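I have placed the structure first, in the form of structure tokens, so that the comments after it can refer back to it.
The values are calculated or read from the model by the stated rules, or taken from the named source; none is laboratory data. Since this is a predicted model, take the numbers as computed values, not measurements. So basically every Cβ, Gly included, is an ideal-geometry build from the backbone, and we count neighbours across all protein chains shown.
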Amino acid sequence: MPEGIASHLRYPVDFFNIQAKMFGLYHMTRANVFYNKEDVWDLPRELYGSDGGEQSMDSYYVIMKLPGEEKEEFVLLLPFVPTQKSNMIAWLAARSDGENSGNMILYQFPKQKLIYGPRQIEARIDQDPVISQQLTLWSQSGSRVVRGNLLVIPIERSLLYVEPLYLQAQTSQLPELKRVIVSYDNKIAMEETLSKSLMSIFGVSNTIKKDLQALEKIAQPTTQESSATEKKKEWPVLVLDAKRQLAAAEEKQRAGDWAGYGISLAELSKTLKQLEQQANQNIGASEQPEEMSTPTEE
């Protein structure tokens, strides 16, 4: 096969789904554990569609940097939960790039630590008083709420959960994106855009929000930036970058430009990682005692 075509091959999703389903049982390598089915894994459940019914979570493609790797790559991802439980126990990824094409990698979470699974995140969304009230209000105003697919995005040793909410009028068949729900650690937020949800999650101050509004009027996207410049970016610029990258990804998706769509998602993943790093730095700095200033003579 010509190299120009082979480089665009991706791991087949139907084949991966069959493998993942079988792997839920055959990952057990000890005979007694396998015989007694002591550690069976299932596909996670999520709430989806206008009726909010449960369905098995679909595998999805994402550009991310796998643990131990130096650069991002195109992978097909699917989480696992223990049978008859909702917490996440592992995720399986199928690789598509370069010499790793066709290989699979499994990341397991420690059993003694609770990692929220997709259904638990859905329950937290429904239990949030602000979100629940808004969903009820929309459902009573001649329209219906359509829940999008919940995405689990691994970032380093953390997980970011993102779910879009659409509103569809009874007289229309075209849902309109109204809110984006983001969950990280023990925090959950629902805002009009992804950037606003990220600001709520990571605790951006009112001062930075005002700066962000001012920057949004004058800031223009740049095409090339050095790694040194990226490391020095502050909260407002990073959030603006995430907003632009998401908009670019959605535009390329509508145009069918899947290569450009993947590049935009990779850039968005890098920006989210920088946001996480700055959040951790800010938390650490806030825990340090303030130093007393020494008066000086002019």
Can you say whether Glu46 is loosely packed, with under 12 Cβ neighbours inside 10 Å, modelled with pLDDT under 95 and either in contact with a Cys (Cβ under 6 Å, 6 or more places away or on another chain) or of a type in the set (D, E, K, R) (or both), as far as the supplied structure shows? no
Residues of the stretch 129-159 being closer than 30 Å to Glu69 by Cβ and of a type in the set (Gly, Ala, Ser), in sequence order, are Gly148, Ser158
For helices (runs of 4 or more DSSP H) lying entirely in the stretch 186-278, having 2 or more residues that are at pLDDT 85 or above picks out 194-201, 235-255
When (1) surrounded by 16 or more Cβ atoms within 10 Å (Cβ to Cβ); (2) outside any loop (DSSP other than H, G, I, E, B) are applied to Asn32, the one that fails is (1)
Wholly inside the stretch 94-175, strands (runs of 3 or more DSSP E) that include 2 or more residues that are of a type in the set (D, E, K, R) and surrounded by 14 or more Cβ atoms within 10 Å (Cβ to Cβ) are 143-147
Taking the stretch 165-185 and the residues there that are small (Gly, Ala, Ser) and modelled with pLDDT under 90, the one that is farthest from Leu137 (Cα to Cα) would be Ser172
By residue number, the members of the stretch 82-93 that are surrounded by fewer than 16 Cβ atoms within 10 Å (Cβ to Cβ) and in contact with a Lys or Arg (Cβ under 9 Å, 6 or more places away or on another chain) are Thr83
Counted residues in the stretch 67-84 being in contact (Cβ under 8 Å) with a residue 24 or more places away in the chain, over 19 Å from the mean Cα position of the chain (by Cα) and in a loop (DSSP other than H, G, I, E, B) come to 2
